[in-house]
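The values are calculated or read from the model by the stated rules, or taken from the named source; none is laboratory data. Here the structure is a predicted model, which means the values were calculated and not measured. Quick reminder, even Gly has a Cβ in these numbers, built from the backbone with ideal geometry, and neighbours come from all protein chains shown. Ligands, DNA and RNA are stripped out before the accessible areas are found, and what is left, the full protein with its side chains, is counted by its heavy atoms. Shrake-Rupley method; radii C 1.70, N 1.55, O 1.52, S 1.80 Å.
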Amino acid sequence: MSEHLAREEVRSLMRRLENRPAHVEHVSNLALQLFDGLTALHGMGDRERLLLEAAGHLHDVGHKFDNIGEGHHKESARIIRQHPWQHFTPREAQIIALVARYHRKGGPAMKHEEFAAMPEPDRKIVEGLSALLRLGDSLDRAHEQFVQRVTAEILPGRIILHMETTGPVYREVLAARKKADVAQAVFQRELVFMVGEKVIDPNAPAWTW
């Protein structure tokens, strides 16, 4: 299926339902930067990259229908799953929906019926892509685009995420450390966040800007 037409279909839905397009565009870009930097670990290809891009653009569309303020991630998944896609297969739509769902709260788990029903290869795709989207979303926690770019350095026991920033990223790194659980499980490495030569660790007792 044409990637160009699929991308336009995603953006059309985003424009119709999303109130903060700058945020989701930026989150999608950060997640894709992580995808590209970690290809040696996840081994996924261009089509999976497109599914991540779609989930990044659509992960917050459920806000419009979340009346109690607690479940927009599930609403986003419902909207994606029910959309009459022309350029994604039902299988791909389900992957996009679950990656969007798992951008917040708990990560993929077999206690979730939709995830458990997937074949194992698709569950692994959801785990890998949701790990990246969780990080991308965290790195724009303040919705200020302070993290302009992130590059990944893969080491035997660690992944060092080098961030290019335009402002303070305390909230971003704090959020990313909390939501790094899926990435650390998938990639079997500790995540370290750096700006320049400085390790950013908001949990360290003596840590200051």
Sole residue being in contact with a Lys or Arg (Cβ under 6 Å, 6 or more places away or on another chain) and not aliphatic (A, V, I, L, M), chosen from 153, 164: 164
Exactly one of 125, 160 is among the β-branched types (Val, Ile, Thr) and touching a helix residue (DSSP H, G or I) at 6+ places or on another chain (Cβ under 7 Å), and that residue is 125
Quick one: which residue in 76, 12, 28 is over 24 Å from residue 159 (Cβ atoms), surrounded by 20 or more Cβ atoms within 10 Å (Cβ to Cβ) and of a type in the set (Ser, Thr, Tyr)? 76
Being without any contact (Cβ under 8 Å) to a residue 60 or more places away in the chain, crowded, with 17+ Cβ neighbours inside 10 Å and of a type in the set (Asp, Glu) is the filter here; which residues of region 41-57 pass it? 53
Counting only helices (runs of 4 or more DSSP H) entirely within region 111-209, those with at least 2 residues that are among the polar types (S, T, N, Q) and open to solvent by less than 40 Å² (accessible area, probe 1.4 Å) are 120-138
Subset of region 15-25, residues more than 18 Å from the chain's Cα centre (by Cα) and either under 17 Å from residue 136 (Cβ atoms) or surrounded by 12 or more Cβ atoms within 10 Å (Cβ to Cβ) (or both), comes to 17
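Listed here are the residues, each with its yes/no results for (1) open to solvent by less than 80 Å² (accessible area, probe 1.4 Å); (2) of a type outside the set (Ser, Thr, Tyr); (3) touching a residue at least 12 places away in the same chain (Cβ under 8 Å); (4) more than 28 Å from residue 184 (Cβ to Cβ).
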residue: 59; (1), (2), (3), (4): yes, yes, yes, no
residue: 72; (1), (2), (3), (4): yes, yes, yes, no
residue: 83; (1), (2), (3), (4): yes, yes, yes, yes
residue: 91; (1), (2), (3), (4): no, yes, yes, no
residue: 97; (1), (2), (3), (4): yes, yes, yes, no
The condition of being farther than 14 Å from residue 100 by Cα and in contact with a Phe, Trp or Tyr (Cβ under 9 Å, 6 or more places away or on another chain) holds, among 41, 51, 30, 34, only for 41
Do we find a residue being farther than 26 Å from residue 200 by Cβ, touching a Leu at 6+ places or on another chain (Cβ under 9 Å), open to solvent by 10 Å² or more (accessible area, probe 1.4 Å) and not aliphatic (A, V, I, L, M) anywhere in region 100-110? yes
